[in-house]
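Everything below concerns the one structure shown next.
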Amino acid sequence: MKGEDKQLVRFIEGNDKCFIIPLYQRNYDWEIKHCRHLFSDLVKLHEENGKSHFFGSIVTGRANEYNDDYYVIDGQQRITTISLLLIALVNAARHKDIVCHNPINIEMIYNTYIINQYHGNDRKVKLKPIKNDMMSFDAIVYDEPERYVRDSNVTRNYELLYDLVKTCGLSLEDIFDAVKRLVVIDIRLEREDDPQLIFESLNSTGLDLSEADKIRNYLLMSMGSAQQEHCYDRYWNRIEEYTDYNPTMFIRDYLTIRNRTISNIDNLYFEFKTFVEREGLSREEVMAEMTEYARYYHMFNKFKSESTRLNVKFRQLATIGSTVGMTFYMVFLKHAYDNGLTAEEMFEVFDIIEGYWARRIMCGYPANAMNKAFAVLHHDVIRLIREETSRGLHASSYAEVLKFVLLKRQGNGVYPGDSTLSEEFKTRQVYRIPMAYRYFLFERMENCDNAEGKWENIVPHMMEGDYTIEHIMPQTLSSTWRQQLGDEAERIHSQYLHTFANLTLTGYNSSYGNRPFADKKYGYDYKGKHVYGFNDSHFSLSNYMKKVEEWTEKELIERQELLYKRFLALWPMITTSFKPVEKETDRVGFDDEETELTGRYIIAFTYKGERHKVASWKDMLVSLCRLLYAESPSSMRILCNAQLWLHDNSGTDNGRTKFADGCYVYSSCSTKTKMSVIRHIFNKMNLPASDLEFELVPLAEASSSISESND
């Protein structure tokens with residue numbers, strides 16, 4: 001690798017030189033503020049005559065051995081922007097929008113820095129952006145506005161730079177002289193240099209490129225130009241299209257599906273690299289699989305299945321606003337299409353998942369606790385189906401097994417039953433529910449499961465404020481309301497105000513205020529206009545108010561029961577006829593603090609996606625310590641030297657078990673204490689608790705004798 005300081009114009013000039021932006025690079029994405037900043041720097045350079053300005057480094061490598069074509073490995077954003085500025089200078093001068101003291105300079109700039117007229121290729125433009133940018137760039141080079149791509153960053157920034165050139169008051173020569181004072185470090189790779197390692201080093205801070213950018217480069221950079229173009233066109237470009245050119249979150253979900261552990265978004269590139277190398281997959285194999293998953297990602301997010309009814313369900317689930325279920329949605333859709341499931345079978349599965357969401361939202365369970373549940377949900381279902389088929393039994397339907405798996409969830413991942421739901425529905429403070437969840441609940445409870453032709457997506461209207469949530473009993477009680485509610489007005493107001501019993505949808509929220517119930521029901525005149533009431537409402541959630549003449553606790557309780565029945569009709573408690581062929585275990589996360597572990601029989605644990613069979617809790621603790629020691633021996637030895645739970649000697653009380661030379665863990669203790677030991681280790685080593693799971697025999701099946709021996 002060789003590097004030298006050089007004027008940027010000297011770097012670009014050359015009769016047979018071409019700069020190729022490799023297909024693994026991202027699209028041009030400098031923002032307007034970056035272009036304004038650059039132009040401001042150039043104006044200052046003009047005013048400070050004689051000074052130069054460092055413009056960063058540009059890393060290139062030869063594209064071939066027979067001409068001066070170079071791949072731009074780092075610096076494509078800067079070189080593209082300067083090229084756009086030079087084109088703006090030339091076109092502005094040709095259109096007489098800028099002063100040019102010598103017309104020869106127009107053609108000099110055009111032929112030296114923009115066009116490569118002696119290059120052997122049919123395309124004579126010196127810079128070759130990636131395909132999504134090239135059409136925009138070429139239309140600008142040849143000054144053909146009718147071919148401009150209006151949604152392109154290339155076009156947008158060119159037009160900004162043209163306007164800045166036109167209005168700055170400087171001549172072509174003034175601006176070009178400032179450009180000549182931009183200095184870069186020209187870094188050219190030798191044949192033996194590894195461009196991927198250099199790329200990683202240049203971008204190790206993560207401030208410039210997204211994790212998806214780094215992954216794209218990793219996948220494409222090691223390929224020859226022909227294979228690069230093939231894989232970019234067939235796979236990577238499709239992935240970007242399917243993900244609206246923002247694939248980072250999709251890649252995180254894909255990696256979570258493959259590893260069955262939640263990937264860290266800040267360390268995604270290195271986790272992805274580790275995954276590919278561990279699995280021994282070729283770059284093309286990985287991209288082909290990613291493209292398939294991206295298709296299902298797009299299908300769900302854009303409601304693009306062949307079934308209208310299924311697309312409505314996708315839209316309803318999307319209203320929830322959380323992406324934690326995406327890992328399951330993608331992998332299930334792939335399974336469904338691979339195995340020929342009907343649209344009705346797919347609908348049933350997504351309907352079950354919607355019920356899981358709705359009940360948990362109503363009961364106030366956090367969405368982040370479902371990350372792990374969704375990451376392993378499909379795997380758990382398929383494992384049970386395969387156990388049936390391996391015994392020669394007829395496989396149960398996916399939906400039946402899914403219900404069984406969900407009903408076995410405990411702690412933070414539990415599927416709420418009717419008794420819990422009934423109590424929560426009465427007291428749930430709707431305004432404490434996140435906004436997107438509120439939209440979801442009100443849309444579904446308003447529309448229920450109407451025929452497709454009658455279904456109206458009211459969520460956009462709620463988001464725009466056209467439809468709002470109305471308190472029937474107002475937030476501030478007037479004397480009329482106090483009189484109607486009676487002696488216990490304060491208690492009734494406090495108990496029911498923000499619950500579903502007292503809320504409905506309306507288009508007139510700003511006018512109702514704390515008016516009497518009769519006004520809200522029948523309407524009233526306000527500033528010469530008639531405000532319609534509940535009797536005129538087209539919302540089904542307001543139908544009950546059309547039947548009553550007052551609003552007291554009696555009506556609140558009656559409506560509460562009606563809405564609860566509506567909720568149950570939408571999302572009934574699931575039951576299943578499925579029974580596993582072998583005694584099923586509970587999967588419990590170490591980060592699930594609500595799960596009781598004491599007295600439960602452990603048969604295996606999973607650490608970072610790998611399952612390990614064990615005979616007891618003690619066996620688990622020692623095995624885990626061995627894994628952690630293999631992962632980071634120095635960290636574990638430091639903990640042993642601290643003599644707290646972990647020790648560097650066996651001690652005299654026989655309460656410690658050796659897990660490595662000179663390393664012992666205190667293991668003769670209760671299950672609860674063992675959890676404290678693990679928590680201590682994880683905290684000190686900064687390990688996520690979500691990396692560890694236990695497989696347990698259900699509590700009802702664990703006898704006391706087994707529990708004692710298992711401790």
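Before moving on, here are some points about what is shown:
- Of His394, His37, His498, the order by accessible heavy-atom surface (1.4 Å probe, DNA, RNA and ligands excluded), from most exposed downward, is His394, His37, His498.
- Net charge in the neighbourhood of Asp380 (other residues with Cβ under 9 Å of its Cβ; Lys, Arg +1, Asp, Glu -1) is +3.
- Measuring with a 1.4 angstrom probe and ignoring ligands and nucleic acids, Ser210 comes out at about 40 Å² accessible.
- Interchain or long-range residues, amide H under 5 Å from Tyr526's placed H: Val531
- 1.4 Å probe accessible area per residue over segment 1-137, in Å²: 46
- Taken one residue at a time, the phi angles of segment 367-379 give Karplus couplings (6.51, -1.76, 1.60, θ = phi - 60°) of 5, 5, 5, 8, 3, 5, 4, 6, 5, 10, 4, 4, 4 Hz. Gly and Pro are set to x.
- Cross-link reach list, lysines versus Lys273, counting only Cα pairs under 17 Å and skipping chain neighbours closer than eight places: Lys214, Lys608
- Placing a label point 7 Å from the Cα of Lys166 along the Cα-to-Cβ direction, the residues of segment 78-108 with a backbone N closer than 16 Å are 85-100.
- Gyration tensor analysis over the Cα atoms of the chain returns equivalent ellipsoid semi-axes of 55, 42, 24 Å (largest first, whole Å).
- For Ser57, the residues whose amide H sits under 5 Å from its own are Ile185, ignoring neighbours fewer than 5 places away on the same chain, with H placed 1.01 Å from N.
- Alpha carbon centroid spacing (whole Å) that separates segment 242-268 from segment 458-493: 43
- Here segment 515-674 is assigned +1 on the Cβ of each Lys and Arg and -1 on the Cβ of each Asp and Glu. Its dipole about the Cα centre then comes out at about 280 debye.
- Carbon + sulfur, % of accessible area of the chain - ligands and nucleic acids excluded, 1.4 Å: 47
- Amide H to amide H, with H built 1.01 Å from N, Glu470 comes under 5 Å of Thr504, Leu505, Thr506, counting only residues 5 or more places away or on other chains.
- For segment 216-318, the dipole from Cβ point charges (+1 on Lys and Arg, -1 on Asp and Glu) about the Cα centre works out to 480 debye, to the nearest 20.
- Surface exposure of segment 274-340, expressed per residue as accessible area with a 1.4 Å probe, stands at 40 Å².
- Counted by Cβ distance under 14 Å from Asp177, the other residues give a net charge of -1, where Lys and Arg count +1 and Asp and Glu count -1.
- Helix 76-94 axis, angle to the chain major axis (alpha carbon atoms, nearest 10°): 50
- Charge context of Asn121, other residues only, Cβ under 14 angstrom, K/R +1, D/E -1: 0
- Against the criterion of solvent-accessible heavy-atom surface with a 1.4 angstrom probe, Lys166, Lys214 sort, most first, into Lys166, Lys214.
- Accessible-area rank, largest first, for Phe275, Phe404: Phe404, Phe275, with all protein chains present and a 1.4 angstrom probe.
The values are calculated or read from the model by the stated rules, or taken from the named source; none is laboratory data. Model, not experiment: these values are computed from the prediction. Neighbour counts are summed over all protein chains in view; Cβ atoms, including those assigned to glycine, are modelled from backbone coordinates with ideal geometry. Accessible surface is based on the protein model in full, side chains and every heavy atom, while ligands, DNA and RNA are left aside. Shrake-Rupley method; radii C 1.70, N 1.55, O 1.52, S 1.80 Å.
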